[in-house]
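The values are calculated or read from the model by the stated rules, or taken from the named source; none is laboratory data. This one's a predicted model, so the numbers in the text were calculated from it and none came from an experiment. Please note: Cβ atoms are built from the backbone with ideal geometry, for glycine as well, and neighbour counts cover all protein chains shown. Areas reflect the complete protein model, heavy atoms only, side chains present, ligands, DNA and RNA absent. Shrake-Rupley method; radii C 1.70, N 1.55, O 1.52, S 1.80 Å.
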Amino acid sequence: MNILAIETSCDETAVAILAAKKDSDSTVYTALGNALYSQASKHAEYGGVYPNLAKREHQKNLAHLTEAALKEAGLHRVQKNAVSAPDSLFANVREGEFRESIAAFLEAVEKPNIDFIAVTSGPGLEPALWTGIVFAEVLGRAWAIPVIPVDHMEGHIFSALLETEKINSKLQETNSKIKFKLSLFDFPLLSLLISGGHTELVAMKDWFQYELVGETRDDAIGEAFDKVARLLDLPYPGGPEVSRFAAVARERGILPLALPRPMLNSADCDFSFSGLKTAVLYALRDVPKPLAEEVRLSVALGFENAARDVVIAKTRRALERTAARTLAVGGGVAANTTIREALGALIQDEFPNTALFLPNRALTGDNAIMIGVAGHLRNQSDHVSSEPITARGSQCLA
Ligand code: KG4
Ligand code: ZN
């Protein structure tokens, strides 16, 4: 089964082609093609993601990236008797240039060997989501294949459950494409989803049955990393930069700035990160600018430690509450080494009967591979909604 997966929920335009094959007890996914364009540098001057710019960039790049992914997958065939794509296909495409780029693409390529399209339908930036959905639906109609809506956060959950190393070391000689095997895991599964737009603890009791256990009441953790980075004059996206500064501070033995751990002792699994960012702002208010390097290092370390402590405390509480047998971590902040190590220690020391799954670093950020996997798992177990696909702005999974 071949899947074309499309992700445009935020500032990454991503298209992947996956081949899914049943193994004895699991499924093996081969990333036949993977084309990703990050708009991060274009949004950098806004210090965050600017929705209409994201939409324009997705529109500009989707057809090219799809063509590139098909070529990489060896599924690209030039249309011999080019016929123009009928107008009726484009009823929902309002923008002229977008329409022209899709029409040119459809006229140039033959219908590829793809069984269905998986597309992110939310949560995310609504204009950005619509772009991917409209694109997927035009292709789906032109090629007469189904389009399956996928929840972005569900994609992040499954990204943690894709095992790469073992299977790749066996298969490397015969095939250079990256293969992922879906890990075997037990329910209940608890997912810790930490990204630029979300901070959630979601329990999955059985396939696709979710319950929200905790979430942020204000900023997302990645957003807090990005805002603190801005206070330190570090570029967007700020998470990796703050983390790099914190690592240098540790190496040099610099003391962390003392910062609060918001909601650490509240009797729930909710988070709050805006107070932490404000505490950094106040701490720096009377410090002479430009900030001395030692100050920046100390702030980065203090902030990363505080964010880590809150994540660990709330995850501990959620593990206790849900009696989870599996902890799956996903989202851009799941790339953070300090948080990964602390989660490893938490499971090893306090929850030895729970299995921890951290995503391969290549899959922590937004990507289309995780969308294709989620779409395939839903498709094969008949968990596909038959409602018309709409973009769900910020509505969450559970
Ligand atoms: O999942 P993602 O790529 O996009 C969203 O759906 O939000 O997450 C992006 C977020 C950004 O806020 C970025 O600063 C953060 O993930 N991030 C990190 C690290 N790498 C990315 N935060 C902390 N440490 C990192 N190493
Ligand atoms: Zn994401």
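Some observations on this one:
- Counting only residues that are aromatic (F, W, Y) and either free of Cβ contacts under 8 Å to residues at least 12 places away in the same chain or in a strand (DSSP E or B) (or both), the range 340-367 holds 1 of them.
- Per-region count, the range 293-338, residues acidic (D, E) and within 14 Å of G238 (Cα to Cα): 1
- Whenever a residue of the range 33-57 is within 21 Å of V228 (Cβ to Cβ) and touching a residue at least 60 places away in the same chain (Cβ under 8 Å), its partners that are crowded, with 19+ Cβ neighbours inside 10 Å and of a type in the set (A, V, I, L, M, F, W, C), lying with C-beta atoms within less than 7 angstrom and at least six residues away or across chains, give the pairs H43/V49; V49/C10; V49/L125.
- Within the range 82-126, tally of residues that are charged (D, E, K, R) and within 16 Å of ligand 2 (Cβ to nearest atom): 1
- Qualifying residue in the range 31-43 (condition: touching a Phe, Trp or Tyr at 6+ places or on another chain (Cβ under 6 Å), more than 16 Å from ligand 2 (Cβ to nearest atom), farther than 24 Å from K71 by Cα and at pLDDT below 95): no
- Note on the range 178-237: residues that are touching a Ser or Thr at 6+ places or on another chain (Cβ under 7 Å), within 13 Å of ligand 1 (Cβ to nearest atom) and assigned to a loop (DSSP other than H, G, I, E, B) amount to 2.
- Verdict on S26 being hydroxyl-bearing (S, T, Y) and either under 18 Å from I133 (Cβ atoms) or at pLDDT 95 or above (or both): no
- Odd one out for Y236, checked against (1) within 16 Å of ligand 2 (Cβ to nearest atom); (2) open to solvent by 30 Å² or more (accessible area, probe 1.4 Å); (3) closer than 25 Å to D286 by Cβ: (3)
- Test: residue in the range 300-317 that is within 16 Å of the chain's Cα centre (by Cα) and away from ligand 2 (no atom under 16 Å from the Cβ): no
- Qualifying residue in the range 110-123 (condition: among the aromatic types (F, W, Y), open to solvent by 80 Å² or more (accessible area, probe 1.4 Å) and within 20 Å of N367 (Cα to Cα)): no
- Near pairs, Cβ below 8 angstrom, 6+ apart or cross-chain, from the range 134-159 (outside any helix (DSSP H, G or I) and open to solvent by less than 10 Å² (accessible area, probe 1.4 Å)) to any residue that is at pLDDT below 95 and more than 16 Å from ligand 2 (Cβ to nearest atom): I148/V384
- Screening the range 1-46 for residues that are within 13 Å of ligand 1 (Cβ to nearest atom) and aliphatic (A, V, I, L, M) and picking the one that is surrounded by the fewest Cβ atoms within 10 Å (Cβ to Cβ) gives A44.
- The residue of the range 239-258 that is farthest from the chain's Cα centre (by Cα), among those that are over 30 Å from S38 (Cβ atoms) and surrounded by 19 or more Cβ atoms within 10 Å (Cβ to Cβ), is I254.
- Flag for T364 being within 20 Å of the chain's Cα centre (by Cα), surrounded by 24 or more Cβ atoms within 10 Å (Cβ to Cβ) and either small (G, A, S) or within 17 Å of E163 (Cβ to Cβ) (or both): yes
- Some residue of the range 275-291 being in a loop (DSSP other than H, G, I, E, B), under 22 Å from T337 (Cβ atoms) and within 16 Å of ligand 1 (Cβ to nearest atom): no
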